[in-house]
Amino acid sequence: MKTLLLALLVAAPAAHAADCPEPPVKNSQQAVCYATAYAEKNKLPHKGAGVGRKVSKSAKAWTVAYTTKKEDGSRGPGWQVDIDIASGTPTRFSSFR
């Protein structure tokens, strides 16, 4: 029983990522899919009013950045994650206020 529970806990974070196309990450939509899975797993803001997204590509990774706006219109906290092109795994996370 413990083994089954452990297997379910380990497989759960990968469940949403399984909805994403298989690596390699070929386009920005696929990178956003992996970043969304990361955001949902870690309870990060990634959708809704006042949340913006920017995607860029380097030689080895896609960078997906999310920003939020405060009620007064100024920039609020945000975060970004690098998604490895070859594997589709998050390789670097950073946040800012």
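Given a Förster radius of 22 Å and the C-beta distance between Lys43 and Arg97 as r, what FRET efficiency does 1/(1 + (r/R0)^6) yield to the nearest 0.05? Using R0 = 22 Å, I get an efficiency of 0.80.
For Lys60, the aspartates and glutamates whose Cα falls under 16 Å of its own Cα, not counting residues fewer than eight places away in the same chain, are Asp82, Asp84.
Only the coordinates and a few stated rules stand behind these numbers; no lab work does. Given the structure is predicted, the values throughout are model-derived calculations rather than measurements. Neighbour counts are summed over all protein chains in view; Cβ atoms, including those assigned to glycine, are modelled from backbone coordinates with ideal geometry.
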